[in-house]
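One structure is given below, encoded as C-alpha cells.
The values are calculated or read from the model by the stated rules, or taken from the named source; none is laboratory data. Quantities reported herein were computed from a predicted structural model and do not represent experimental measurements. So basically every Cβ, Gly included, is an ideal-geometry build from the backbone, and we count neighbours across all protein chains shown. Keep in mind that these areas ignore ligands, DNA and RNA; they rest on the heavy atoms of the full protein, side chains included. Shrake-Rupley method; radii C 1.70, N 1.55, O 1.52, S 1.80 Å.
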Amino acid sequence: MARLDSLKLTIPNDLGYLDLVLAFVRKAAEKFGFQEPALGEIELAAEEAVANVIKHAFEAAEQADFDIIAERAPLGLRLIIKDRGLPFDPSLLKDYDPKQALQKDTAGLGMHLMKKVMDEVSFVNLGCEGKELHLVKRLPQKSIEEYFPGQKLEEEAGPPAAKVIQEKIPYDVRRMRREEAIEVSRCAYKSHGYTFFDDNIYYPERLAELNASEELISVVAVTKENKFMGHAALHYPRVGARIAELTFAFVNMEYRGQGCLTRLTDQLFSMEKKYPLTGVYVNSVTNHLFTQKVVVKYGINDCGVYLAASPGSWVFKGISGASKQRLSVALSFKYLQPPHRLTLYLPQAHRPMLEKLFANIGAVHSFRVPDPEQARIAEEKAAVRTDVYASESCAEIWIERYGQDAVRQVRASLHDLCRRQLGAVYLYLDLADPAAYFLAPEFEKLGFFFSGILPETEIGDTLILQYLNNVQLDYGQVQLLTDMGKSLLDYIKAKDPNLVPS
C-alpha cells in the first residue's frame with residue numbers, strides 16, 4: 001500500500017526564504033517519484049504561489065509565518081500553501097491577458113503559470129483559520145493507447161467487436177490485480193470510447209495506485225481461463241470516508257447477460273474493507289434505464305437528481321437512444337449499517353419532500369424547526385470549499401462551516417464558476433446545523449434550486465441545491481425508473497427558476 005507521507009515547512013513571510021522553500025519542494029517531489037521536467041514545473045508553481053503569499057497575504061510590515069505542506073497523493077503530489085493572512089476572494093482574480101502583458105500589465109500571470117504546469121489549482125477559504133492554495137501534480141503515466149503502440153483501437157462510434165456469448169459460462173469474481181488495470185481501461189474504452197466522465201479510468205497506473213491507497217476498491221470478473229470479463233468499484237471521496245460511490249461498472253460486450261454486474265456488486269458489498277462504510281451511493285445516467293434497474297435490485301433508493309451533470313458527448317456502445325443534451329444523473333443511496341438518529345433542520349419550503357426522501361432511504365431522524373434566536377450565526381467567517389470537475393464542466397460547493405459571510409462567499413464562488421462557463425454547480429448544506437434552515441432560501445435567491453439529499457458526507461447529512469448556467473434542458477429526455485424518482489423530478493422541475501411559466 002502506498003504511504004500517505006506529509007511534510008511541512010513553516011517559514012516567515014520574507015522573500016529571503018524562497019530558495020529554502022524551493023529546495024524543500026524539490027526534495028519532496030523527488031521523494032514522491034517525480035523527475036525532470038516535472039520537477040521544474042513543480043518548482044515554478046511553488047515559487048509563484050509562495051511569492052504571492054509573501055507579497056500580498058499580509059499587511060505591510062506585518063511579521064508572520066505560514067506553512068508549505070507537501071503530501072503524497074495517490075496519483076502524485078499535493079502542495080498546500082496555508083496562511084492566516086488577509087482574506088482573499090479568488091473570484092476577483094483577473095484573467096491573464098498576453099496583449100496587456102505587452103503594456104507591462106502582468107495581472108493574473110502567476111495564476112496562469114500555476115494552472116499551466118499543475119494538474120489542479122484550487123482555493124479553500126477556512127474562515128478564521130485562514131485560507132489554503134492547493135496545487136496537485138500527477139505522476140506521468142501511460143494511457144491505454146501507449147500500452148499498445150501501433151495497434152488501432154475500435155472506432156468510438158463503431159459496432160461492437162465481439163458477439164454476445166449466449167450460453168452461461170462459469171467465472172470468478174475477485175479483487176483486481178495490478179496487471180489487470182489495463183484491461184479495465186480497455187473495457188471502459190470499449191463501452192464509452194474516450195467520453196467517460198472520470199479520465200482516471202483511462203490510466204491503468206492511476207487505477208493501480210488508487211487501489212493501493214484503498215481510495216478505490218476494484219473487483220473483476222474473469223473466466224476460468226482468467227480472461228477479463230468486467231469490472232466494478234467502490235470509490236471513496238477521500239481515504240477513510242464514511243460513504244463511497246459504486247462506479248466504474250463495465251462489462252465487455254461478449255459477456256453481457258452473464259450476470260457479471262450482479263456478482264461484482266455482491267462482492268463489493270460483502271467483502272471486508274480497510275475503511276468500513278456506513279453507506280454507498282450511485283450516480284445513474286438518465287438517458288437509459290439499465291443502470292437504474294440494477295440499482296433498484298440492490299435496494300439503493302432514489303434521493304436526488306443532478307441535472308445537466310455531464311456533457312452530452314458520452315458514448316454508450318451497444319445502447320441506442322442516447323441524448324445529445326447535457327446528461328442528468330439519478331442519485332441513489334443505501335445504508336450498509338443502521339443509521340444513527342439525527343436532529344435535522346429542514347428548510348420549511350422543502351420539508352415534505354425531504355421527509356419523503358429520508359424515509360425512502362430508510363433514515364428515521366428527528367426534524368425540528370429552529371428557535372428564532374438560532375437565526376444568528378456565531379461565526380463571522382464561513383469555511384467554503386469549491387471542487388471543480390473540468391472534464392464534466394461542473395463544480396461542487398461545500399459549506400464546511402457556516403458563517404455570517406456564507407452567502408457572500410457562495411455568491412463569489414458561483415460568479416467565478418459561471419465566468420469559467422461551467423454548466424452546473426451543486427451546493428451542499430449540512431442539515432444538522434440550524435443555519436441550513438435559514439440560509440437555504442437565501443441561496444435560492446441566487447438561482448439555486450432543489451436537487452435532493454446525500455447522507456453521511458464529510459460534513460454530515462446534506463441538502464443539495466443546484467444551479468444551471470445557461471443550460472438548455474428538456475426534462476422530457478430525463479428518464480427515471482421508480483415512482484419516487486419520477487415524483488422527485490416533477491418536484492425539481494416545479495422549483496426550477498430557469499423555466500418560463502406557461
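When GLY403, GLY460 are screened for being small (Gly, Ala, Ser), touching a helix residue (DSSP H, G or I) at 6+ places or on another chain (Cβ under 9 Å) and over 21 Å from LEU307 (Cβ atoms), only GLY403 passes.
If you take the residues of the range 260-278 that are over 25 Å from the mean Cα position of the chain (by Cα) and in contact (Cβ under 8 Å) with a residue 40 or more places away in the chain, which of them is nearest to HIS192 (Cα to Cα)? The residue in question is CYS260. For the range 307-318, the condition of being under 30 Å from ASN470 (Cα atoms) and touching a Pro at 6+ places or on another chain (Cβ under 7 Å) holds for at least one residue. Restricting the search to the range 435-462, which residues are assigned to a helix (DSSP H, G or I) and either over 17 Å from HIS365 (Cα atoms) or aliphatic (A, V, I, L, M) (or both)? Result: ALA435, ALA436, PHE438, LEU439, ALA440, PRO441, GLU442, PHE443, GLU444, LYS445.
For LYS486, the conditions (1) in contact (Cβ under 8 Å) with a residue 60 or more places away in the chain; (2) part of a helix (DSSP H, G or I) are fulfilled apart from (1). Candidates PRO497, PRO455: the one that is touching a residue at least 24 places away in the same chain (Cβ under 8 Å) and open to solvent by less than 10 Å² (accessible area, probe 1.4 Å) is PRO455. For the range 366-379, check the following and say yes or no: at least one residue is of a type outside the set (A, V, I, L, M, F, W, C) and either part of a strand (DSSP E or B) or in contact with a Cys (Cβ under 8 Å, 6 or more places away or on another chain) (or both). Yes - at least one qualifying residue is present in the range 366-379. Let me confirm something: among SER218, SER191, SER185, which residue is surrounded by 18 or more Cβ atoms within 10 Å (Cβ to Cβ), touching a strand residue (DSSP E or B) at 6+ places or on another chain (Cβ under 6 Å), among the polar types (S, T, N, Q) and modelled with pLDDT of 80 or more? When all the criteria are applied, what remains is SER218. Among residues of the range 290-311 being of a type in the set (A, V, I, L, M) and farther than 17 Å from GLN325 by Cβ, the one that is surrounded by the most Cβ atoms within 10 Å (Cβ to Cβ) is VAL295. Among the conditions (1) in contact (Cβ under 8 Å) with a residue 24 or more places away in the chain; (2) open to solvent by 20 Å² or more (accessible area, probe 1.4 Å), the only one that ALA435 does not satisfy is (2). Checking the range 25-47 against the condition returns no match, with no residue being surrounded by 13 or more Cβ atoms within 10 Å (Cβ to Cβ) and more than 15 Å from LYS137 (Cα to Cα).
Cβ-Cβ contacts under 7 Å between residues 6 or more apart (or on different chains), taken from a first residue in the range 285-301 that is of a type in the set (Gly, Ala, Ser) to a second residue that is buried (at least 17 other Cβ atoms within 10 Å of the Cβ), are listed as GLY299/LYS334. Within the range 14-49, the set of residues being touching a Gly at 6+ places or on another chain (Cβ under 8 Å) and within 23 Å of ARG84 (Cβ to Cβ) comprises GLU48, ALA49. Could you check the range 1-91 for strands (runs of 3 or more DSSP E) lying wholly inside it with 3 or more residues that are farther than 23 Å from THR386 by Cα, modelled with pLDDT of 90 or more and not polar (S, T, N, Q)? Strands (runs of 3 or more DSSP E) meeting the threshold: 6-12.
Screening GLY362 against (1) small (Gly, Ala, Ser); (2) in a loop (DSSP other than H, G, I, E, B); (3) closer than 26 Å to SER487 by Cα; (4) open to solvent by less than 30 Å² (accessible area, probe 1.4 Å) leaves a single unmet condition, (4). Please work out if ASN283 is part of a loop (DSSP other than H, G, I, E, B) and either open to solvent by 50 Å² or more (accessible area, probe 1.4 Å) or closer than 27 Å to PHE449 by Cβ (or both). Taking the combined requirement at face value, the residue does not satisfy it. Screening PRO237 against (1) over 23 Å from SER332 (Cβ atoms); (2) open to solvent by 40 Å² or more (accessible area, probe 1.4 Å); (3) at pLDDT below 90; (4) within 27 Å of the chain's Cα centre (by Cα) leaves a single unmet condition, (1).
Just one of the numbered conditions (1) open to solvent by 20 Å² or more (accessible area, probe 1.4 Å); (2) more than 24 Å from GLY485 (Cα to Cα); (3) not in a strand (DSSP E or B) is not true of VAL410: (1). Reported count of residues in the range 58-79, each being open to solvent by 10 Å² or more (accessible area, probe 1.4 Å), on the phi < 0 side of the Ramachandran plot and not polar (S, T, N, Q), is 14. Going through (1) in a strand (DSSP E or B); (2) open to solvent by 10 Å² or more (accessible area, probe 1.4 Å); (3) at pLDDT 95 or above one by one, VAL425 falls short only on (2).
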